[in-house]
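Data first, discussion second: the structure below is written as structure tokens.
The values are calculated or read from the model by the stated rules, or taken from the named source; none is laboratory data. Here the structure is a predicted model, which is why all the values come from computation and not from measurement. When we count neighbours, we look across all protein chains shown, and the Cβ atoms used for this are built from the backbone with ideal geometry, even at glycine. What goes into the accessible areas is simple: the full protein's heavy atoms, side chains included, and nothing from ligands, DNA or RNA. Shrake-Rupley method; radii C 1.70, N 1.55, O 1.52, S 1.80 Å.
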Amino acid sequence: MTKLLEFVLLASDTDWSKGSLHASLVSITVSPLLWNVVARNEYRNKTLTKCMGARSGCTALGVTIFVAGLYREVLYKKALHDQAQFHLPYGIQTVVAWIVFGAGNFLVFTSFVALGFYGTYLGDHFGILKEQRVTQFPFNVLDDPMYVGSTLCFVGAALWYERPAGLLVSFYVAFTYYVALKFEKPFTNMIYENRDRSAESKH
């Protein structure tokens, strides 16, 4: 545990002069900004829907988000390798890292299964609405399991590559998602409230 504490404390020694770190932080910031701006525009103006239809438009956005996520991971890995390494005991570097990383991927995967493709990639902003709120696992355990899972993946990678700086980046990921949810949740709730009011007015 002493080594793990040292690892956490050494995050404060992050080399902020590295361009790779800046690129990683920018990619982390841009991802939720991109999907929120595009999705809100779609809800209000139907730009992609008019061009290719709601499902095709949502698919295009989903593929873009997925590819951007992969590129974000590449930039994060590059940023980690440009930072100082702190050797951890095998049990932490391998076992704990894989548990954290595995738990993160498990939450992301099970969230995707529960929501489906369109539910995951903001289909409700394209008018592809679910009949009722998803309450099955992992949503019966966490409010935002996909975001929690994604953050855990960043932490797991920091442990695996033995880079304390990765913990600061992971904290920034969590903060970015926290801010994004402050905008996403109310807007999504508004979409479904409008749907419900519209359905009630027809009865």
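Over the chain, what relative contact order in percent results from Cα pairs under 8 Å that are six or more residues apart?
Once divided by the residue count of the chain, the mean separation gives 30 percent.
What number in nm² do you get for the stretch 17-201 if you take the convex hull of its Cα atoms and divide its surface by four?
Taking a quarter of the hull surface, the average projection is 11.4 nm².
Probe radius 1.4 Å, ligands and nucleic acids ignored: give me the carbon and sulfur share of the accessible area of the stretch 17-201 as a rounded percent.
Its accessible area is 66 percent carbon and sulfur atoms.
Pull up the cross-link candidates among the lysines for K130, meaning alpha carbon to alpha carbon under 27 Å and not fewer than 8 places away within one chain.
Cross-link targets: K46, K50, K182, K185, K202.
Please give the FRET efficiency for K77 paired with L181, using the beta carbon to beta carbon distance and R0 = 25 Å, rounded to the nearest 0.05.
It comes out at approximately 0.45.
Roughly speaking, what is the stretch gain from V26 to Q136, that is 0.36 nm per residue apart minus the C-alpha to C-alpha distance, in nm to one decimal?
36.2 nm
Treating only the Cβ atoms of Lys and Arg (+1) and Asp and Glu (-1) as charged, compute the dipole magnitude of the chain about its Cα centre; round to the nearest 20 debye.
About 620 debye.
Which whole-number value in Å² is the accessible area per residue of the chain, probe 1.4 Å?
Accessible surface, normalised per residue, equals 56 Å².
222 nm [θ] for the chain, helices only, -39500 (n - 2.57) per DSSP H run of 4+, per residue, to 500?
Result for the chain, helices only: -25000 deg cm²/dmol.
Figure the gain on full extension for S17 and N36 (residue separation times 0.36 nm, minus the Cα-Cα span) and round it to one decimal in nm.
Extra length available between S17 and N36 comes to 3.9 nm.
Can you give the longest run of the chain that contains no trypsin sites (Lys or Arg not before Pro) sitting in a DSSP loop with at most 11 other Cβ atoms inside 10 Å?
1-132
Taking Cα centroids, how far is the stretch 102-146 from the stretch 20-53 in Å?
19
Towards the positive end of the charge dipole of the stretch 17-201, with charges on Cβ (+1 Lys, Arg; -1 Asp, Glu), say which of A174, F86, V30 has the farthest Cα.
It is V30, whose Cα lies furthest towards the positive end.
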